[in-house]
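J.: Sharing a structure here in structure tokens format.
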Amino acid sequence: MTHLPSSHPNVGNDAAAASLLGFVRHGHGPEPVLVLHDWLGDHGNYAAMTPYLDGDACTYVFADLRGYGLSRHLTGACTVDEIAADCLALADHLGWPRFNVLGHSMTGMVTQRLAANAPDRIKRAIAVCPVSAAGNRLGPDAYAFFASTAHDDEAFCRLMQYVTGGLGRGWAQAKLRRHRASVAPACRIPYLDMLVHTDFVDEVRGLTTPYLVIVGDKDPGLDEAAMRQTFLAWHPNAQLRVMPNCGHYPMQECPPAFAALIEAFLADKAV
């Protein structure tokens, strides 16, 4: 991966440049792909799979949302509308009139927001273990547990092991170290509230954007049944693939297979 400084000095010092999302670029191919991360990670989630990507076919830009990674210094409202606007501003900066978008977990709903807001700009969308436009309604106890991961290291590790079907403690601790170093504390709960309270389902029903929805067979919550009730029910051009031996992070758990799957879809081949 080639890093671009988060300050983006090449685009000037105006307000738009100052709020541009930080990103990492990989490849130089003609197919542009904007890649977004989940609630608990940053662009580094995808580092394990980049050796297997075809940089001659695609240009991948791995963006960090406000408060994360290379955008850790950026504050904001932490809403799906803000994320979508930031993504379009980044695409404008990159000179991408049309592009593909991949969202994971929390940013699964961002792919839908982009497809609804700018349907002429989104070529294809990939939603990985995604939270949908209906949000992820949590009861009081579940919300309290998820919120506790913002400051409780043990709770964070329990969640990491749970959503991956029981990967070891070393995995969970590695995820914890990355999260604590790269995610600003002030944004953790606001993005959780976005996940819980967002609902724009009526705006995405019938969108014709081609969709690939990917889930892992060990993901305990965002599973095949949930996808059939949401993404596949709303998007007429959506297809679903279940990755074996994967939980919530297939790009880290099975990186070569994940890379091959998304690139077949991006090349408009059978997946």
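J.: Remind me, relative contact order of the chain in percent, using alpha carbon pairs under 8 angstrom and six or more residues apart?
T.: Numbers: 529 pairs, mean separation 51.7, N = 271.
Value for the chain: 19 percent.
J.: OK, next. What is the projected area of the convex hull of the Cα atoms of region 23-267, averaged over all directions, in nm²? Write down the numbers at each step before the final one.
T.: Values: hull surface 46.3 nm².
Mean shadow area of the hull around the Cα atoms is 11.6 nm².
J.: Only four residue types carry charge here, +1 at the Cβ of Lys and Arg and -1 at the Cβ of Asp and Glu. Report the dipole size of the chain about the Cα centre in Debye, rounded to the nearest 20.
T.: On the way: 21 positive and 27 negative charges, 64 e Å.
I would put it at about 300 debye.
J.: Okay, moving on. Can you grab the distance from the C-alpha centre of region 24-102 to the C-alpha centre of region 186-206, Å, no decimals?
T.: Taking the Cα centre of each part, region 24-102 and region 186-206 sit 19 Å apart.
J.: Over the Cα atoms, compute the radius of gyration (one decimal) and Dmax (the largest Cα-Cα distance, rounded to a whole number) for region 115-163, in Å.
T.: 15.6, 44
J.: Less than 12 Å Cβ to Cβ from residue 30, Lys/Arg counted +1 and Asp/Glu -1: what total charge do the surrounding residues give?
T.: Working: positive: 98, 123; negative: 31, 54, 56.
Residues close to residue 30 contribute a combined charge of -1.
J.: Taking a cut-off of 28 Å between Cα atoms, list the lysines near residue 175, but don't count ones fewer than 8 places away on the same chain.
T.: Candidates past the 8-residue exclusion: 218.
J.: What residue among 245, 214, 22 has its Cα farthest toward the positive end of the dipole of the chain, where the charges are +1 on Lys, Arg and -1 on Asp, Glu, each on the Cβ?
T.: Projecting each Cα onto the dipole axis, the largest value belongs to 245.
J.: Using a 1.4 Å probe, how large is the accessible area of residue 175, given in Å² and rounded to the nearest 10?
T.: Residue 175 exposes around 20 Å² with every protein chain in place.
J.: How large is the helix-only mean residue ellipticity at 222 nm for the chain, computed as the sum of -39500 (n - 2.57) over DSSP H runs with n ≥ 4, divided by its residue count, in deg cm²/dmol to the nearest 500?
T.: Details: 11 runs with 102 residues, N = 271.
Helix-only estimate at 222 nm: -10500 deg cm²/dmol.
J.: Averaged per residue, what accessible area in Å² does the chain show with a 1.4 Å probe, protein chains only? Intermediate results must be reported in sequence, preceding the final value.
T.: Details: 10770 Å² over 271 residues.
That works out to 40 Å² for each residue.
J.: Turning to a different aspect of this structure: Mind computing the radius of gyration and Dmax over the alpha-carbon atoms of region 64-182? Å is fine for both.
T.: Looking at region 64-182, its Cα Rg and Dmax stand at 16.1, 45 Å.
The values are calculated or read from the model by the stated rules, or taken from the named source; none is laboratory data. Because the structure is a prediction, the values reported are computed rather than measured. We place every Cβ from the backbone using ideal geometry, glycine too, and count neighbours over all the protein chains shown. In case anyone asks, the SASA skips ligands and DNA or RNA and just uses the protein heavy atoms, side chains included. Shrake-Rupley method; radii C 1.70, N 1.55, O 1.52, S 1.80 Å.
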